[in-house]
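The values are calculated or read from the model by the stated rules, or taken from the named source; none is laboratory data. These numbers were taken from a predicted model, which means no experiment stands behind them. Glycine also receives a Cβ, built like all others from the backbone with ideal geometry; neighbour counts cover every protein chain displayed.
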């Protein structure tokens, strides 16, 4: 029944789309859904690259059987063990009992740990090659992008890189699979949001993987989420390179919490000061309204970050505290930081924000602003000045902008 899309000679897409799940990992909203990508290489030997979420196992099996027309699967190659990709391993074994599971030592340990499978396995080493006939598969271990067992599989014959979660994006594949056949504009922020929320902590490991891939002459990237990349490979690599180097663009993100509007007015005033100083990319997020996954995307995108919070029970506003913790966990570097706060009878938020700035070791504006109760004229001017200072600190010299676009 199924007609699977061809990626390259003998390589077929057998992934599925998930339009039902509300939140990825029960945390991250999926307004455009998500795909779980899997690929078949049909040669003298047949290899399946990764599986899909077990919730879609029936469709997955149907797509595979439609392609193979009764042929067995010889190898299941596992690039990444998260259950949205490995969840159908036991199901595959039921249909293909002689199938050999291929992975590195950490992968195979997880296969046994998650699914109790410890037979018919093949442990591979870094840069080892497995022949399927005319297709030669080389394995590249890329630990901590973003689990310890992650690796990539390179088809030397067709120059296709099966990259696991790396270079993936949220969003279903709506008809087409390859970027050559679709408008990819909706995927860029979804790729950035995926990176910031899932991979963001592991910038050093991503940089190591990118260097390792430099001599590999791949012409197609097959990730486990989102489009298959061919026309836009340069843009995809650039996004991962910039985000993993924490290379923010010229712009400012202002994050605030506010119960009755006083801290919000301070945020608006700081933004006005940033704009007066000539910065055009300014994003304001109300932590009580905007999901943190979108806030983190912008924190990775832009060089400047300003945070404002009222004092709440002698602490930071809880939702501000939460987003700061998420930023800290991801180890975001090279940011310019400013902060402001308000209180009614006892101030604590500005002191807490100062501690956060010291923890992150970012460049911090000389001025911070704290207001008791309503915003007064002198503090209004101070908020403008905070905006001016942040703008000057994030301004990128014209000759350097070509490296940050």
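Across the stretch 246-264, what is the total count of residues that are touching a residue at least 60 places away in the same chain (Cβ under 8 Å) and either outside any helix (DSSP H, G or I) or closer than 26 Å to residue 5 by Cβ (or both)?
Restricting attention to the stretch 246-264, the residues satisfying the condition of being touching a residue at least 60 places away in the same chain (Cβ under 8 Å) are 246-252, 255-257, 262-263.
Now restrict to residues that are either outside any helix (DSSP H, G or I) or closer than 26 Å to residue 5 by Cβ (or both): 246-252, 255-257.
Within the stretch 246-264, residues that are touching a residue at least 60 places away in the same chain (Cβ under 8 Å) and either outside any helix (DSSP H, G or I) or closer than 26 Å to residue 5 by Cβ (or both) number 10.
Here are some residues: 283, 350. Which one is in a helix (DSSP H, G or I) and not assigned by TED's automatic domain parsing to the domain that holds residue 197? Spell out how you get there, then give the answer.
Values: 283 fails: in a helix (DSSP H, G or I).
Criteria check complete, one pass: 350.
Restrict the check to the stretch 163-181 and report whether at least one residue is in a strand (DSSP E or B) and either touching a helix residue (DSSP H, G or I) at 6+ places or on another chain (Cβ under 6 Å) or farther than 20 Å from residue 241 by Cβ (or both).
Let us first name the residues in the stretch 163-181 that are in a strand (DSSP E or B), namely 163-164, 171, 178.
Checking the rest, the ones that are also either touching a helix residue (DSSP H, G or I) at 6+ places or on another chain (Cβ under 6 Å) or farther than 20 Å from residue 241 by Cβ (or both) come to 171, 178.
Yes: the stretch 163-181 contains one or more residues that are in a strand (DSSP E or B) and either touching a helix residue (DSSP H, G or I) at 6+ places or on another chain (Cβ under 6 Å) or farther than 20 Å from residue 241 by Cβ (or both).
What's the number of the condition residue 198 fails, among (1) closer than 20 Å to residue 16 by Cβ; (2) touching a strand residue (DSSP E or B) at 6+ places or on another chain (Cβ under 7 Å); (3) outside any loop (DSSP other than H, G, I, E, B)?
If we test residue 198 against (1) closer than 20 Å to residue 16 by Cβ; (2) touching a strand residue (DSSP E or B) at 6+ places or on another chain (Cβ under 7 Å); (3) outside any loop (DSSP other than H, G, I, E, B), just (2) comes out false.
If we scan the stretch 224-242, do we find a residue that is under 11 Å from the mean Cα position of the chain (by Cα), touching a residue at least 40 places away in the same chain (Cβ under 8 Å) and assigned to a helix (DSSP H, G or I)? First the steps, then the outcome.
Of the stretch 224-242, the ones under 11 Å from the mean Cα position of the chain (by Cα) are 225, 239-240.
Retained after the next criterion (residues that are touching a residue at least 40 places away in the same chain (Cβ under 8 Å)): 225, 239-240.
Filter once more, keeping what is assigned to a helix (DSSP H, G or I): 239-240.
The answer is yes; a qualifying residue exists.
On the given criteria, is residue 289 free of Cβ contacts under 8 Å to residues at least 24 places away in the same chain and farther than 20 Å from residue 373 by Cα? Outline the logic, then answer.
Details: free of Cβ contacts under 8 Å to residues at least 24 places away in the same chain: yes; farther than 20 Å from residue 373 by Cα: yes.
Yes: the conditions hold for residue 289.
Does residue 146 satisfy the condition of being in contact with a helix residue (DSSP H, G or I) (Cβ under 8 Å, 6 or more places away or on another chain), at pLDDT below 95, crowded, with 16+ Cβ neighbours inside 10 Å and assigned by TED's automatic domain parsing to the domain that holds residue 10?
Working: in contact with a helix residue (DSSP H, G or I) (Cβ under 8 Å, 6 or more places away or on another chain): yes; at pLDDT below 95: yes; crowded, with 16+ Cβ neighbours inside 10 Å: yes; assigned by TED's automatic domain parsing to the domain that holds residue 10: yes.
So residue 146 fits the description; yes.
Only one residue in 163, 86 is crowded, with 22+ Cβ neighbours inside 10 Å, touching a residue at least 24 places away in the same chain (Cβ under 8 Å) and out of contact with any strand residue (DSSP E or B) (no Cβ under 8 Å at 6 or more places or on another chain), so which one is that?
Working: 163 fails: out of contact with any strand residue (DSSP E or B) (no Cβ under 8 Å at 6 or more places or on another chain).
When all the criteria are applied, what remains is 86.
Condition check ((1) in contact with a helix residue (DSSP H, G or I) (Cβ under 7 Å, 6 or more places away or on another chain); (2) in contact (Cβ under 8 Å) with a residue 12 or more places away in the chain) across all residues:
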{"residue": "2", "(1), (2)": "yes, yes"}
{"residue": "7", "(1), (2)": "no, yes"}
{"residue": "27", "(1), (2)": "no, yes"}
{"residue": "31", "(1), (2)": "no, no"}
{"residue": "36", "(1), (2)": "yes, yes"}
{"residue": "41", "(1), (2)": "no, yes"}
{"residue": "46", "(1), (2)": "yes, yes"}
{"residue": "53", "(1), (2)": "yes, yes"}
{"residue": "76", "(1), (2)": "yes, yes"}
